[in-house]
Amino acid sequence: MRRTLIAGNWKMNLDRAGSVALARAVAERSGEVPDVDLLVCPPSVYLLPVAEAVAGTRVAVGAQNMYHEPSGAYTGETSAAMLLDVGVAFVILGHSERRHILGETDADVNQKTRAALAEGLVPIVCVGELLEEREAGHTADVIRRQFHGSLADVSADEIQRSVIAYEPVWAIGTGKVATPEQAEQVHADLRSLLAERYNDRIAGSVRILYGGSVKPGNADALLAQPNIDGALVGGASLKVDDFLGIAAAGIHAA
Ligand code: PEP
């Protein structure tokens, strides 16, 4: 019922030619991973050429951020409508690098999420605890706070058009992956939060991705977990073999 989604977050990497080449390579080889949804999220200045490169293929394009206002005097920002206008369908919101390096709060993430949904973009709303929060036994509380804060006032209809990503901060770009059991526990908690806020049917329909040092070698075990519906991949999404290797694990899990 929930299609596996493998999303590549390219962060602030690659140039125009490299972005287009990588997107084309993913599209050309997408036949290797039938029934797995593929998404690439290039740097904002390369969204248009990447969207043009994959137009008409099974590869969707996502942005790594956006601003909640529709237009106006917001120097340097990009609106949801502008993203849609250049062929973008998804937007990553509340990534831990934006929360912890750039100071985004749950309230900011919530404003962006509601604006993205209102315009018709699919938000990928990221939550995840710091290492010290996990070690202090606060993971479930942090996830609950971020869930309610980031998704406040998101309607039942809207949540079904949303994706949630669990990305433990200590696992992002560090090579330290959560064990399948650690990840599954938080995914199951998130699904319970969805059921409490909405209902069981809706909770069962929302995709929850895991992110944090996902590689072809660990993707099978993660994606085999019942509540892990895909991956948000940073470093390994920059190599087509690795990205499709992770997506191939999604076929086995489906
Ligand atoms: C990410 O940036 O969302 C991420 C999970 O990065 P990495 O796969 O490199 O840990």
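The values are calculated or read from the model by the stated rules, or taken from the named source; none is laboratory data. Given the structure is predicted, the values throughout are model-derived calculations rather than measurements. Quick reminder, even Gly has a Cβ in these numbers, built from the backbone with ideal geometry, and neighbours come from all protein chains shown. Remember, those area values only see protein heavy atoms, side chains included, never the ligands or the DNA or RNA. Shrake-Rupley method; radii C 1.70, N 1.55, O 1.52, S 1.80 Å.
At a glance:
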read-out	value
Residue in region 105-124 that is in a loop (DSSP other than H, G, I, E, B) and out of contact with any Leu (no Cβ under 7 Å at 6 or more places or on another chain) present	yes
Test: THR113 is touching a residue at least 12 places away in the same chain (Cβ under 8 Å) and open to solvent by less than 40 Å² (accessible area, probe 1.4 Å)	yes
Selected residue (criterion: least open to solvent (accessible area, probe 1.4 Å)) from residues of region 83-98 that are in contact (Cβ under 8 Å) with a residue 12 or more places away in the chain, of a type outside the set (Ser, Thr, Tyr) and in a helix (DSSP H, G or I)	LEU83
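Residue-by-condition table, conditions (1) under 23 Å from TRP170 (Cα atoms); (2) within 14 Å of the ligand (Cβ to nearest atom):
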site	(1), (2)
LEU84	no, no
ALA89	no, no
SER96	yes, yes
LYS112	no, no
GLY120	no, no
ILE124	yes, yes
GLU133	yes, no
THR139	yes, no
PHE147	yes, no
